[in-house]
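Below: one structure, written as structure tokens.
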Amino acid sequence: VASPERKSAPAGETAGSGGHGTGGGGSGGHGTGGGGSGGHGTGGGGSGGHGTGGGGLESKKQDPPNKISLTLSKRDLLHQMVNQTKQHRQQIRSLENELERLRSGDMLNKCEVGVSEVEWRPGDVVGEGSFSTVYRGSYCGTEVAVKELKFKLSQDDKNYFRSEAALLQQLHHPRVVLLMGVCTGAARPFMLLEYLSGGTLYNLIHNTTRERLDHAAYFVVAKDVAQGMNYLHRHEPQVLHLDLKSMNVLLDSYYRAKIADFGFSILRRSRTGSPAQRGSIRGTPAWMAPELLTKGDVSAKCDVYSYAIILWEMLTASHPFKGLDIFQIMETIEAGGRPPLPSSGVSRELKELITSCWAQNP
């Protein structure tokens, strides 16, 4: 697994310095041939000359009037072309904005499903958390996971819920659980998610009645999670999980992993970017980065830290910070404490990967 160092990648780099010049019209000037017959001069007397005074041939001519008007016409033409280009760009931006608005509205309509389109039994629970219950259900003949919220939403929250769902519905990656739709018309809104029969990675690690995977199989799981998170972090706009843990890593029947529940990480934050009220109590401290626990600082580094805890969990088959309560866990993490790595049986490369991912000052 390539080390996902806790470094912020630059959001973008500005392109080169090549500007657009309006360079002047070359080095070949227009000469004013001198004197001679037929010349226009201020002095009179030359044959055919038009003059008011006496004598002599003219040594230089003045620029013909039609040449000045020609130069102005070129400049006017250039300005006109520039203005037309600006107008065309503004029209293109306007069309792009209108197209995006139409697409957004269309996506909102597509992600919304009716209550009657989904079937599930209240007793068919496959998972439960503090804020939602997951049922196994059916939608258009397809087996799905129905994730029902335990709290009601205001109208503004419903609109935000739908807009975020429309964004998440665009995410397509083999290591990310597919969001199939949402229903805000129900008494308690719910999401429709891809159903995976293998349960959670947490249950696989800690359920003693299940057969444990060997190190090679866990290596595949670790790689799957890294690929899924890399996709989310590189997506435009970027998607941060902020609650990555073994309970949110789902497995299929072949023990291939997919990342789930990343949608609520976005919903937990207000539109201004500050932590939402529910976000202040949501999350599992044992998997949370110190900067997220203590300051509420949010970045991709938070997910990298959580990934290190998952690696440690698979390696040791233990609960992180076992025996400590929530406040003790927070104090330990803030002080730089981490779960102890095994003294033997672990490669140097794996130890370096884990310690670099959960470093206190990445």
(message) For a protection proxy built on the mean count of beta-carbon atoms within 10 angstrom, sort 195-205, 299-309 highest first, please.
(response) 299-309, 195-205
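Run through the range 280-353 and list the GluC sites (Glu not before Pro) located in a DSSP loop whose Cβ has at most 12 other Cβ atoms within 10 Å.
Values: sites: GLU291, GLU313, GLU331, GLU334, GLU349, GLU352; in loops: none.
Filter output for the range 280-353: empty list.
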(message) A 21 angstrom limit on the alpha carbon distance is what I want to check against. Which of LYS223/LYS301; LYS147/LYS295; LYS295/LYS351; LYS147/LYS301; LYS301/LYS322; LYS245/LYS322 exceed it?
(response) LYS147/LYS295; LYS295/LYS351; LYS147/LYS301; LYS301/LYS322
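If the convex hull of the alpha-carbon atoms of the range 110-195 is projected onto planes in all directions, what is the mean projected area in square nanometres? Mind dumping the intermediate values first?
Numbers: hull surface 22.6 nm².
Over all viewing directions, the range 110-195 projects a mean Cα-hull area of 5.6 nm².
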(request) Using the number of other C-beta atoms within 10 angstrom as an exposure proxy, rank HIS215, HIS235, HIS241 with the fewest first. (result) HIS215, HIS235, HIS241
(request) Please compute the net charge surrounding LEU251, taking Lys and Arg as +1 and Asp and Glu as -1 over other residues with Cβ under 12 Å from its Cβ. (result) +2
(message) Whole angstrom only: what separates the Cα centroid of the range 305-362 from the Cα centroid of the range 171-219?
(response) 23 Å
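Since every read-out is calculated from the coordinates, none of them should be taken as a lab result. These numbers come from a predicted model, not from an experiment. Cβ coordinates were reconstructed from backbone atoms using ideal geometry, including for glycine residues, and neighbour counts include every protein chain displayed.
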